[in-house]
Every structure is written in structure tokens, then in C-alpha cells.
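Participant: Okay, here's the structure, questions in a sec.
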Amino acid sequence: MVVLSQPAMDHFTPIKTYKSAAATVFTGIPTISLSRPDAGSLLVRACEEFGFFKVVSHGVPLELANRLEAESMRFFDQLQVEKNRAGPPNPFGYGSKRIGFNGDVGWIEYLLLSTNPDTAVPPRSLSFFQEHQPSLRAAVDNYVKEVRKLAIEVLKLIEQGLGLTTAAEEGRDVDGPMSGLLRDVKSDSCFRVNHYPPCQDHWEVAVSGRNLVGFGEHTDPQIISVLRSNNTSGLEICLRDGSWVTVPPDHSSFFINVGDTLQVLTNGKFKSVKHRVFPDRRKSRVSMIFFGGPPLDVKITPVPSLMEEGEESLYNEFTWSQYKKSAYKSRLADYRLGPFEKTTGQ
């Protein structure tokens, strides 16, 4: 286990805690092998019932994930003054404690990186990684390449399960209306590595028994998110009945979140999953998330072939760029789709 130096721990001042009973460990999370012939229908059911599932037989070499985790921890184990050279996140780069621009904070430090080579990256962060962290950047590039393929494969199987496309024949690989958005060279996707230091010795935890928030409750704005974490617990999801449950860690598999954009593309048939993270009191948690987003200028509207006869869209049409700008102005726990929902009579 990597232990942060004292200066880095001092950087995490207590801001917010939750006094809550331990969430139930949930053993009912759908686990789907992508090699199954009925994987598409199983994925659709998981998206409808949970907005969250785990995939196995995913084809991503685990050595790539292990290498990136090790490189990330080498970065996070540096003195705070060194890590700060890779920030602040504007929006890409290194950040700690502050999440977004509207007052949300957490017991967390992170790296947020663009996966699109055409996206402008702050010169300070760009030069830092090129000069001081080339092995970390290489590990990110190799890992993201494979996880992006996984995200596209999952969406293609979902499209098959929805009847939008048929299985590839004679080696042909045809994208549907969802997977094509990620395959697009202008796909506005990003990648994040979160580090939640252990907080066992923190006075506020020891005295009050409250749980420090690592990352507050929220949904992801993009189409889908692909998560891999180390073998440390902390992730919780909100079920349809409003109860919170703990997701058992599994560092050899990938967890998939339905995002806000996929909720709109299915006209609400899929629901983006609300989730949050609490740090462990003894071990560091490291999570690596690929956020699959559409091109900025793409208009987000329900897929017509998923609409029943006479069914109307629940949402006003918007572009991904418009939704991103709106999301940046919101707090983590805000219902970001609210301003885009149609009101009665529209």
C-alpha cells in the first residue's frame, strides 16, 4: 500500500461529512459476459433496471490496467508541491479536493485528461506530462485505447439488444446510432484517475464517526462510463427505490454506468445511475474512468426507432456542447437533465 507523505495529507482539510449507517453490500449487480450470445438483451435489461452493471470476458489486457494503476500511484505518492505542477485542472490536469467550479469538495485527488488529440490542453499540464511523466502518459494512452474499444463494443451489443442493429456478418462492423458517436474521431471523451487516500487517523472521523465524502452523489453526463478500480471498496450506487448500496470491488472486471446522454437517447427507457464514493479508512482507493461522450456539435435527441407510435420526446433537443456548458454550471447532486426536459404542453 502506498502511503501519502504528511504534506499531501495536510492538503486535504475536512469540509463535509455524512452521518449514515453503512450501506448494504449489494450482491445483485448484473454480471454479464460479453461472449454470451444473449449479451445484448442482458445488457439492455441491466440498463433498464439498474443503469449499472459489470462486464467480464471483456478482452482488455489486465496488465495494461495494472501498469496504469502503478504509474498513477507513483504520481500521487509525490510531494504535493510536485503534483501541483500538473494543475490546476482547467479543465484538464491535476486537481485535489475541489470537484468542479461550484463549491463541491471531496477527500480526493485526481488527474483529468482528454482522450481527443485535437482538444486543447493547458500548456502547463501538457509540458509537465511530456517532460516529467512520459511513462504515465504512455500508460494512459495504451489503456484508453483498449477501454474505448470496450465502450464501443458494449454500446454495439446494447444496440443489438434494442433491435437497432443486427450482429456483424462476414466480418463487417457496422456502428449504430449510439456506438457511432464514440467511434467518431470528434468524440468528446475524457479519462479520469481518482485517488482517495485512507482517512483512518483523521480526527473528525475518529471523534464523530462520520464518513468523509470522497466524491459526492451525482450522475455522469456522457453516454456511458467505463470504470475499473483497485480492490478497495467505497463505491455506492442508488437503486430505483432510493436506497444506497455498496458495490463489491472487483479489479479484474469493468463496471459500466449509464450516463445522462444515454438516458435521453433512449427517451428515458434507460436511467443514468446516481452514485458516490466514500474513502476507505485503511487503504487507498484508485479508480480509472473512461467517459464516452459524443462530438460537441451532435444534437442529442431520442433515437427515432426506439419510439413507440405516437410517443413524444421527453426532452428538448440540445447539443452535447450545450449540455456540457450547463453541467459545468451545476453542483454535483443537481438533476442536470431538468432544464432540458419538456414541460406539459410543449
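Participant: Considering Val277, Val247, Val273, Val258, which residue is in contact (Cβ under 8 Å) with a residue 12 or more places away in the chain and in contact with a helix residue (DSSP H, G or I) (Cβ under 6 Å, 6 or more places away or on another chain)?
Facilitator: Val258
Participant: For region 90-110, enumerate the residues that are open to solvent by 30 Å² or more (accessible area, probe 1.4 Å) and at negative phi.
Facilitator: The answer is Asn90, Pro91, Arg98, Phe101, Asn102, Val105.
Participant: Next question, about the same structure. Could you list all residues from region 290-310 that are aliphatic (A, V, I, L, M), open to solvent by 20 Å² or more (accessible area, probe 1.4 Å) and touching an Asp or Glu at 6+ places or on another chain (Cβ under 9 Å)?
Facilitator: Once the filter is applied, which keeps residues that are aliphatic (A, V, I, L, M), open to solvent by 20 Å² or more (accessible area, probe 1.4 Å) and touching an Asp or Glu at 6+ places or on another chain (Cβ under 9 Å), region 290-310 yields Leu296, Val298.
Participant: Working only within region 336-346, note down all residues that are outside any helix (DSSP H, G or I) and in contact (Cβ under 8 Å) with a residue 60 or more places away in the chain.
Facilitator: Within region 336-346, Arg336, Leu337 qualify.
Participant: When the residues of region 192-210 are narrowed to those that are at pLDDT below 95 and crowded, with 18+ Cβ neighbours inside 10 Å, which ends up farthest from Leu265 (Cα to Cα)?
Facilitator: So, considering only residues that are at pLDDT below 95 and crowded, with 18+ Cβ neighbours inside 10 Å, the one farthest from Leu265 (Cα to Cα) is His202.
Participant: Now, a different point. Give all pairs with beta carbons closer than 8 Å in which a residue from region 313-332 that is under 12 Å from Gly293 (Cβ atoms) meets a residue that is of a type in the set (Ser, Thr, Tyr); count only pairs at least 6 apart in sequence or on separate chains.
Facilitator: As it stands, the answer is Trp320/Thr261; Tyr323/Thr261, since those pairs meet every condition given.
Participant: Moving to a separate point now. Do we find a residue being open to solvent by less than 10 Å² (accessible area, probe 1.4 Å) and modelled with pLDDT under 75 anywhere in region 155-173?
Facilitator: no
Participant: Another one. Tell me, yes or no, whether region 247-262 has at least one residue that is outside any helix (DSSP H, G or I), open to solvent by 70 Å² or more (accessible area, probe 1.4 Å) and within 30 Å of Arg98 (Cβ to Cβ).
Facilitator: yes
Participant: Among the residues in region 278-289, are any touching a Cys at 6+ places or on another chain (Cβ under 6 Å), part of a loop (DSSP other than H, G, I, E, B) and open to solvent by less than 20 Å² (accessible area, probe 1.4 Å)?
Facilitator: Yes - at least one qualifying residue is present in region 278-289.
Participant: Which of the residues spanning region 263-272 are surrounded by 23 or more Cβ atoms within 10 Å (Cβ to Cβ) and assigned to a loop (DSSP other than H, G, I, E, B)?
Facilitator: Of everything in region 263-272, those that are surrounded by 23 or more Cβ atoms within 10 Å (Cβ to Cβ) and assigned to a loop (DSSP other than H, G, I, E, B) turn out to be Phe270, Ser272.
Participant: Further, regarding this structure: Scan region 38-49 and report the pairs whose first residue is hydroxyl-bearing (Ser, Thr, Tyr) and whose second residue is surrounded by fewer than 20 Cβ atoms within 10 Å (Cβ to Cβ), with Cβ atoms within less than 8 Å and a gap of 6+ or a chain change.
Facilitator: Here the result reads Ser41/Gly161, each pair linking region 38-49 to a residue that is surrounded by fewer than 20 Cβ atoms within 10 Å (Cβ to Cβ).
Participant: Applying the selection to region 53-82, what residues are open to solvent by less than 40 Å² (accessible area, probe 1.4 Å) and either of a type in the set (Asp, Glu) or closer than 24 Å to Tyr328 by Cα (or both)?
Facilitator: Hit for region 53-82 is Glu71, nothing else.
The values are calculated or read from the model by the stated rules, or taken from the named source; none is laboratory data. Keep in mind that what you see is a predicted model, and the values were worked out from it rather than measured. When we count neighbours, we look across all protein chains shown, and the Cβ atoms used for this are built from the backbone with ideal geometry, even at glycine. Just so you know, the surface numbers come from the protein's heavy atoms only, side chains and all, with ligands and any DNA or RNA stripped out. Shrake-Rupley method; radii C 1.70, N 1.55, O 1.52, S 1.80 Å.
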